[in-house]
Amino acid sequence: MAKIMLDQITTTITTNNSSETQSIGAALAAFLTPGDFIALKGDLGAGKTEFAKGVARGLDVDPSILVTSPTYTLLNIYKGRIPMYHFDLYRLAGDNDVVDLGFNEYFSGDGVSIVEWSERLNAELPQNRVEITFLWQAENSRIVEFQPFGERFIEIVSRISS
């Protein structure tokens with residue numbers, strides 16, 4: 001039996017509003033465990049933070065807590081059934097900044113890391129992860145591309161896309 005290159009599978013979902021984007025995040029959260037790494041990519045306003053709001057909902061973060069992009073604080077921590085570490089690396093130069101700030105210690109820690117602007121990472125990008133790219137399709141519509149790395153994430157992505 002031939003083995004498929006599992007880390008080269010891409011799944012695409014189209015959303016028509018922020019509520020649908022959040023719902024996909026919540027669906028993903030149902031399968032997440034401590035140490036999971038979610039790499040978010042896309043232009044400003046493409047839906048990364050809306051997706052993170054959905055993940056927070058799916059991780060049972062108190063709904064009265066406002067989930068926002070940590071653009072200036074760089075990291076927001078939310079308590080849920082497991083902690084959610086929400087990073088925004090837009091203002092960082094790369095791996096050295098991440099290491100200097102100690103962020104890489106969170107990446108395989110006791111919570112889920114949701115990292116906006118993950119393309120700022122190179123060597124610090126975990127091998128097992130799911131990369132999610134948000135692309136503008138129309139004013140409210142987005143194309144959300146999932147690229148899993150590692151067998152566990154391939155299974156998770158296949159479950160949420162079916």
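The table for this structure:
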{"quantity": "Theoretical ellipticity at 222 nm over the chain - DSSP helices of four or more residues, -39500 (n - 2.57) apiece, nearest 500", "calculated": "-7000 deg cm²/dmol"}
{"quantity": "Local electrostatic count at R91 - Lys and Arg +1, Asp and Glu -1, tallied over other residues with Cβ under 14 Å", "calculated": "-4"}
{"quantity": "Contact order relative to length of the range 1-146, as percent, for alpha carbon pairs under 8 angstrom and 6 or more apart", "calculated": "34"}
{"quantity": "Antiparallel bridge percentage (DSSP; both residues within the chain; nearest 5)", "calculated": "55"}
{"quantity": "Point-to-point label distance, N140-D43, nm (Cα→Cβ direction, 7 Å offset)", "calculated": "2.0"}
{"quantity": "Per residue value of the accessible surface for the chain (all protein chains in place, 1.4 Å probe), Å²", "calculated": "51"}
{"quantity": "Solvent-accessible area, 1.4 Å probe, carbon plus sulfur percent, for the range 100-162", "calculated": "42"}
{"quantity": "Cα-based convex hull, the chain, per residue volume (Å³, whole number)", "calculated": "112"}
{"quantity": "Residue-count net charge about L101 - beta-carbon cut-off 14 Å; Lys, Arg +1, Asp, Glu -1", "calculated": "-4"}
{"quantity": "Chain lengthening between T68 and A93 when straightened (0.36 nm per residue, less Cα-Cα)", "calculated": "6.8 nm"}
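The values are calculated or read from the model by the stated rules, or taken from the named source; none is laboratory data. Bear in mind the structure is a predicted one, so any value in this text is a computation, not a measurement. Every residue, glycine among them, receives a Cβ derived from its backbone with ideal geometry; neighbour counts consider all protein chains shown. Ligands, DNA and RNA are excluded from the accessible area calculation, which covers all protein heavy atoms including side chains. Shrake-Rupley method; radii C 1.70, N 1.55, O 1.52, S 1.80 Å.
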